[in-house]
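Taking it in order: structure first as structure tokens, then the write-up.
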Amino acid sequence: MSNNRRPAYLPIAIIAVVIIVIAAAVIMWFKPDNKPMATQQSLSASPTDKSESTLSTALNSEQTEQTALAQSQSAFVTGLERLPRSLTGTQVDGEIIIDENKQLVVTEGLRRLFDYFLSAIGEEEEAVIFARVERYIRHHTPEPAASQAVAIFGNYVAYLKALPDIEKRYGNLQLQVSKSGELDLNAIAQQRQEVAILRQQYFDKTTIEAFFGAEDNYDDYSMEMVRINQNEQMSEAQKQAARQDYVSRLPDGAIKTNIMQQANLNELMARTQQMKAAGASPEALYNMRRELVGAPAAERLAQVDQEDANFDQRFTQYQTQKQRLLNQSANPAEAQSQIEQLEQQLFDDAERKRLSGYAALQKTQTQ
């Protein structure tokens, strides 16, 4: 099961602007791995695809909970019996950590565990999922940690159900301002504040930090990047310096490391495009890339450049011969057969699938 989940706390418009601002910077791609030190249990696997917003909306749908609850109370021993289709064949994502006193240690991995089972909303009734999660926790966890985890799960679901009320109040506003080209950062900050207050109603400080801390830090970074980009009083050089200054002042840790890696990738993309446009030699490109991302990555990128150049050369040959066949043949069916033979001569199976899209891209670039 594909599972690189990162629920979107900041409105999606922020991420779109950040992508434009810092050259395809996919901030969420660099979510840090939380691997807490534990004295006992750690259950891990692949992540889930459901966002916080999607889960919360699904959980609010009307369901026949009483009937499902009666059916599910004695249905599970481990919680993994009769998994829904979307979870069949997958490993359980997340972790349950306890200390030497069998007290629960709340981690981001516990939330991943909850989201793993909640991703089946729509396939299973809410009451069934509740029963499944509770049996899973109690089967793998001693007391009092088990009851603590079950209680947090109930609060987590209640939080997800309450979240759409805030999202509805701000959703249209964010859509409007993003269409105008800029984001109302004050409105976004107010929305985040309301979400923070909502979290305090359901979780203690330790749980809030474990469940949402890393993502809040990324949202802070995203908002600051947008704020810098929207500052019309700053030159591009000043904006770049402000971005670097912000990152340099971040506390050392996984978040700072990942953001700096992403910044290197953004610079790599921008400088590669500039140097290629200026006719830079392969050696110059390699040296620049080695400086930014290291020799192994520079070598791989050089190989990609060679493969792309080879494909471009064959594609140009293909286009020329294809047009000649179309112009010279009086029989369209015969011409098409010859074109297909030409494709098989010049390209492998994977490359042939790219031909139509590549031709459309080239046409767009020349218009």
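The values are calculated or read from the model by the stated rules, or taken from the named source; none is laboratory data. In this text, all values refer to a predicted model and were calculated from it rather than measured experimentally. In this analysis, Cβ positions are derived from the backbone assuming ideal geometry, glycine residues included, and neighbour counts consider all displayed protein chains. In case anyone asks, the SASA skips ligands and DNA or RNA and just uses the protein heavy atoms, side chains included. Shrake-Rupley method; radii C 1.70, N 1.55, O 1.52, S 1.80 Å.
The table that follows gives values for the structure above.
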| quantity | calculated |
| --- | --- |
| Over 30 Å between alpha carbons, listed pairs K205/K256; K276/K353; K161/K205; K239/K276; K102/K256; K102/K205 | K102/K256 |
| Gyration tensor over alpha-carbon atoms, the stretch 194-323, equivalent ellipsoid semi-axes in Å | 41, 19, 17 |
| Within the accessible area of the stretch 181-273 (1.4 Å probe), percent carbon and sulfur | 47 percent |
| Calculated FRET value between D348 and T316, using beta carbons and R₀ = 22 Å, to 0.05 | 0.80 |
| Kirkwood Rh, Cα atoms: Rg over Rh of the stretch 314-354 | 0.98 |
| The stretch 204-256, Rg to Rh (Cα coordinates; Rh as Kirkwood inverse mean 1/r) | 1.10 |
| Heavy atoms of D204: accessible area, 1.4 Å probe, square angstrom to 10 | 90 Å² |
| Accessible area (Å², per residue) of the stretch 88-204, counting only protein heavy atoms and a probe of 1.4 Å | 42 Å² |
| Ordering of 88-96, 133-141 by packing [mean C-beta count within 10 Å, highest first] | 133-141, 88-96 |
| The stretch 101-207: Cα Rg divided by the 2.2 N^0.38 Å rule of thumb | 1.33 |
| Within the stretch 180-215: backbone nitrogen closer than 19 Å to the Q103 label point (7 Å, Cα to C-beta) | 203-211 |
| Debye equation applied to the C-alpha atoms of the stretch 190-233, log10 I(q)/I(0) at 0.27, 0.31 Å⁻¹ | -0.96, -1.09 |
| Debye log10 I(q)/I(0) at q = 0.19 Å⁻¹ for the stretch 248-367, Cα point scatterers | -1.07 |
| For the stretch 266-308, diffusion coefficient by Stokes-Einstein and Kirkwood Rh (Cα), 20 °C, 1.002 mPa s, µm²/s | 211 µm²/s |
